Amino acid sequence: MFGGEDIIIELPGVPPEVALPAAVRYLLDRWPAAIMQDGDTARRFDRFSEMDFGHLREVFVYRDEQVFDSWERLGADPSNANQMVHLGASDGQFTIVVDESQDLVSASIVRGLRDRLRWGMPWFAPRREAA
(Lines give C-alpha, C1' and ligand atoms only; values in the text may rest on other atoms or scores of the structure.)
Protein backbone atom coordinates (compact mmCIF):
# COMPACT_ATOMS: atom_id res chain seq x y z
CA MET A 1 0.00 0.00 0.00
CA PHE A 2 1.04 3.63 -0.10
CA GLY A 3 1.32 4.18 3.59
CA GLY A 4 -2.18 2.75 3.90
CA GLU A 5 -4.42 3.60 6.79
CA ASP A 6 -5.51 0.90 9.22
CA ILE A 7 -9.02 1.21 10.61
CA ILE A 8 -9.50 -1.13 13.55
CA ILE A 9 -12.97 -2.16 14.64
CA GLU A 10 -13.46 -3.90 17.97
CA LEU A 11 -15.97 -6.74 17.63
CA PRO A 12 -16.04 -8.55 20.98
CA GLY A 13 -17.26 -12.10 20.59
CA VAL A 14 -17.23 -12.09 16.78
CA PRO A 15 -14.97 -14.78 15.31
CA PRO A 16 -13.04 -14.21 12.07
CA GLU A 17 -15.09 -16.82 10.22
CA VAL A 18 -18.18 -14.63 10.78
CA ALA A 19 -16.73 -11.13 10.34
CA LEU A 20 -14.60 -11.79 7.26
CA PRO A 21 -17.36 -13.23 5.03
CA ALA A 22 -19.69 -10.39 6.08
CA ALA A 23 -17.06 -7.86 5.00
CA VAL A 24 -16.27 -9.63 1.73
CA ARG A 25 -19.99 -9.83 0.87
CA TYR A 26 -20.31 -6.12 1.53
CA LEU A 27 -17.44 -5.36 -0.86
CA LEU A 28 -18.93 -7.68 -3.49
CA ASP A 29 -22.14 -5.64 -3.26
CA ARG A 30 -20.05 -2.53 -4.01
CA TRP A 31 -17.70 -4.17 -6.52
CA PRO A 32 -19.60 -7.08 -8.18
CA ALA A 33 -16.61 -7.96 -10.41
CA ALA A 34 -14.16 -8.04 -7.48
CA ILE A 35 -11.28 -10.49 -7.30
CA MET A 36 -10.32 -11.74 -3.84
CA GLN A 37 -6.92 -13.02 -2.73
CA ASP A 38 -5.79 -14.86 0.38
CA GLY A 39 -3.32 -12.59 2.15
CA ASP A 40 -1.31 -15.54 3.47
CA THR A 41 -1.05 -17.78 0.40
CA ALA A 42 -1.82 -15.34 -2.47
CA ARG A 43 -4.46 -17.80 -3.71
CA ARG A 44 -6.93 -16.03 -5.98
CA PHE A 45 -10.71 -16.37 -5.63
CA ASP A 46 -13.05 -15.33 -8.41
CA ARG A 47 -16.21 -16.26 -6.47
CA PHE A 48 -17.29 -15.95 -2.87
CA SER A 49 -18.23 -19.65 -2.86
CA GLU A 50 -14.57 -20.62 -3.45
CA MET A 51 -13.42 -19.02 -0.20
CA ASP A 52 -12.77 -21.16 2.90
CA PHE A 53 -13.54 -18.72 5.68
CA GLY A 54 -12.73 -21.31 8.31
CA HIS A 55 -9.05 -20.78 7.48
CA LEU A 56 -8.86 -17.26 6.02
CA ARG A 57 -7.73 -14.42 8.25
CA GLU A 58 -6.50 -11.88 5.71
CA VAL A 59 -8.03 -11.05 2.31
CA PHE A 60 -7.24 -8.52 -0.40
CA VAL A 61 -10.29 -7.42 -2.39
CA TYR A 62 -9.52 -5.84 -5.77
CA ARG A 63 -12.22 -3.83 -7.55
CA ASP A 64 -12.06 -5.96 -10.71
CA GLU A 65 -9.84 -8.08 -12.96
CA GLN A 66 -8.08 -5.06 -14.45
CA VAL A 67 -7.13 -3.76 -11.01
CA PHE A 68 -5.97 -7.22 -9.90
CA ASP A 69 -3.78 -7.51 -13.00
CA SER A 70 -2.37 -4.03 -12.43
CA TRP A 71 -1.48 -4.89 -8.82
CA GLU A 72 0.16 -8.11 -10.03
CA ARG A 73 2.27 -6.17 -12.57
CA LEU A 74 2.96 -2.90 -10.75
CA GLY A 75 2.36 -3.53 -7.07
CA ALA A 76 1.84 -0.45 -4.92
CA ASP A 77 2.00 1.94 -7.86
CA PRO A 78 0.14 5.29 -7.47
CA SER A 79 -2.13 4.27 -10.37
CA ASN A 80 -3.50 1.51 -8.12
CA ALA A 81 -4.43 3.79 -5.22
CA ASN A 82 -7.86 3.21 -3.69
CA GLN A 83 -8.62 0.25 -5.97
CA MET A 84 -8.11 -2.49 -3.39
CA VAL A 85 -9.15 -3.04 0.23
CA HIS A 86 -7.12 -5.18 2.62
CA LEU A 87 -9.18 -6.96 5.29
CA GLY A 88 -7.84 -8.70 8.38
CA ALA A 89 -9.76 -10.59 11.04
CA SER A 90 -8.86 -11.98 14.43
CA ASP A 91 -10.97 -12.91 17.43
CA GLY A 92 -12.85 -9.79 18.47
CA GLN A 93 -11.07 -7.41 16.12
CA PHE A 94 -11.31 -6.50 12.46
CA THR A 95 -8.90 -4.36 10.43
CA ILE A 96 -9.66 -2.51 7.21
CA VAL A 97 -6.71 -1.07 5.32
CA VAL A 98 -7.26 1.52 2.60
CA ASP A 99 -4.82 3.84 0.87
CA GLU A 100 -6.51 7.09 1.83
CA SER A 101 -9.47 7.16 4.19
CA GLN A 102 -10.27 10.69 2.97
CA ASP A 103 -10.80 9.48 -0.61
CA LEU A 104 -14.57 9.58 -1.22
CA VAL A 105 -14.85 5.96 -2.39
CA SER A 106 -12.59 4.63 0.35
CA ALA A 107 -14.39 6.65 3.03
CA SER A 108 -17.73 5.31 1.85
CA ILE A 109 -16.44 1.74 1.88
CA VAL A 110 -14.99 2.12 5.38
CA ARG A 111 -18.28 3.59 6.69
CA GLY A 112 -20.27 0.81 5.06
CA LEU A 113 -18.01 -1.93 6.35
CA ARG A 114 -18.03 -0.47 9.85
CA ASP A 115 -21.84 -0.34 9.82
CA ARG A 116 -22.16 -3.86 8.39
CA LEU A 117 -19.79 -5.31 10.94
CA ARG A 118 -21.23 -3.48 13.92
CA TRP A 119 -24.94 -3.53 13.13
CA GLY A 120 -25.44 -5.83 10.13
CA MET A 121 -24.95 -8.96 12.19
CA PRO A 122 -27.68 -8.53 14.83
CA TRP A 123 -26.85 -11.79 16.59
CA PHE A 124 -23.47 -10.21 17.48
CA ALA A 125 -24.58 -6.60 17.95
CA PRO A 126 -23.52 -5.00 21.23
CA ARG A 127 -26.22 -5.13 23.88
CA ARG A 128 -28.03 -1.90 24.53
CA GLU A 129 -28.86 -1.32 28.15
CA ALA A 130 -32.41 -0.33 28.97
CA ALA A 131 -32.71 3.39 29.60
Subject >> Hz values of 3J(HN,Hα) by residue in segment 86-103 - Karplus curve (6.51, -1.76, 1.60), Gly and Pro given as x >> reply: 9, 10, x, 10, 9, 4, x, 8, 9, 10, 10, 10, 10, 5, 9, 5, 8, 4
Subject >> 3J(HN,Hα) from dihedral phi, segment 69-75, Karplus parametrisation 6.51/-1.76/1.60, rounded to Hz, x for glycine, proline >> reply: 4, 5, 5, 5, 7, 9, x
Subject >> Neighbourhood net charge (9 Å Cβ-Cβ; Lys/Arg +1, Asp/Glu -1) for residue 9 >> reply: +1
Original post:
What value, in deg cm²/dmol to 500, does the helix sum -39500 (n - 2.57) over DSSP H runs of n ≥ 4 give at 222 nm once divided by the residues of the chain?
Top reply: -10000 deg cm²/dmol
**OP:** For the chain, report the accessible area per residue in Å² (1.4 Å probe, heavy atoms, rounded to an integer).
**Re:** 55
Original post:
What number, in percent, do you get for the relative contact order of the chain if the mean sequence gap of Cα pairs under 8 Å and at least 6 apart is divided by its residue count?
Top reply: 35
Original post:
How large is ³J(HN,Hα), in whole Hz, for each residue of segment 52-57 in order, when computed from phi with the Karplus curve 6.51 cos²θ - 1.76 cosθ + 1.60 and θ = phi - 60°, using x for Gly and Pro?
Top reply: 9, 6, x, 10, 6, 10
Subject >> Extension reserve of the residue 57-residue 42 stretch, reckoned as 0.36 nm per residue once the Cα distance is removed >> reply: 4.2 nm
**OP:** Provide the FRET efficiency to the nearest 0.05 for the residue 77-residue 28 pair, computing r from the beta carbons and using R0 = 22 Å.
**Re:** 0.35
Original post:
At a 1.4 Å probe radius, carbon and sulfur cover how many percent of the accessible area of the chain?
Top reply: 49
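The values are calculated or read from the model by the stated rules, or taken from the named source; none is laboratory data. All figures in this text were calculated on a predicted structure; none of them were measured in a lab. All Cβ positions, glycine included, derive from the backbone under ideal geometry; neighbour counts span all protein chains shown. Areas reflect the complete protein model, heavy atoms only, side chains present, ligands, DNA and RNA absent. Shrake-Rupley method; radii C 1.70, N 1.55, O 1.52, S 1.80 Å.
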